[in-house]
Amino acid sequence: MEKHGDIVVQTGVEDQRLGVDVYVISKLEVNVIERKWGQGAKAIGGEVRISDLNKAIMLKKRGYIVIPDSEDPVVQEAFKDGIIKSFERHSRVGMPTLKDFVEDVDWLREQGQRKYS
């Protein structure tokens, strides 16, 4: 622990895929990563409703699950015609095995992580 505490960054599956862990460890010198492996008791519905086709396409290209498929030309046409009004962005839920967990800790240590929560 630093003199007056530490900054903890909570990351999940999507954050890890997008490089958040590496960024906060290397650029922001964060000392503690708290890995969020699942959604707990939350209902896993559409996390974010998107009413902009270009934003939905961008999120899909970044690797998010977008429903309906914003890159599908038929869906794009239906959106432009007003048949589809919005998209849902979903994140993946982590379901680690013991091996996954141990490998994740080892990987975080290789990135320079010193503490874990």
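Looking only at residues in region 60-87 that are in contact (Cβ under 8 Å) with a residue 24 or more places away in the chain and surrounded by 13 or more Cβ atoms within 10 Å (Cβ to Cβ), which one is farthest from Asp15 (Cα to Cα)? The residue in question is Phe79. Tell me, yes or no, whether region 49-59 has at least one residue that is modelled with pLDDT of 85 or more, more than 14 Å from the chain's Cα centre (by Cα) and in a strand (DSSP E or B). Yes - at least one qualifying residue is present in region 49-59.
Tell me, yes or no, whether region 65-77 has at least one residue that is at pLDDT below 85 and within 22 Å of Arg35 (Cα to Cα). Working first, answer last.
Step one: filter region 65-77 for residues at pLDDT below 85, giving none.
Taking every residue of region 65-77 in turn, none turns out to be at pLDDT below 85 and within 22 Å of Arg35 (Cα to Cα).
The sole residue among Ile44, Ile33 that is among the hydrophobic types (A, V, I, L, M, F, W, C) and at pLDDT below 85 is Ile44.
If I filter region 6-30 down to residues being part of a helix (DSSP H, G or I) and hydroxyl-bearing (Ser, Thr, Tyr), which single residue comes out as modelled with the highest pLDDT? Per the stated criteria, the residue is Tyr23.
The values are calculated or read from the model by the stated rules, or taken from the named source; none is laboratory data. This structure is a prediction, so every number in the text was calculated from the model and none was measured. Methodologically, a virtual Cβ is constructed for each residue, glycine included, from the backbone with ideal geometry; neighbour enumeration extends over all protein chains shown.
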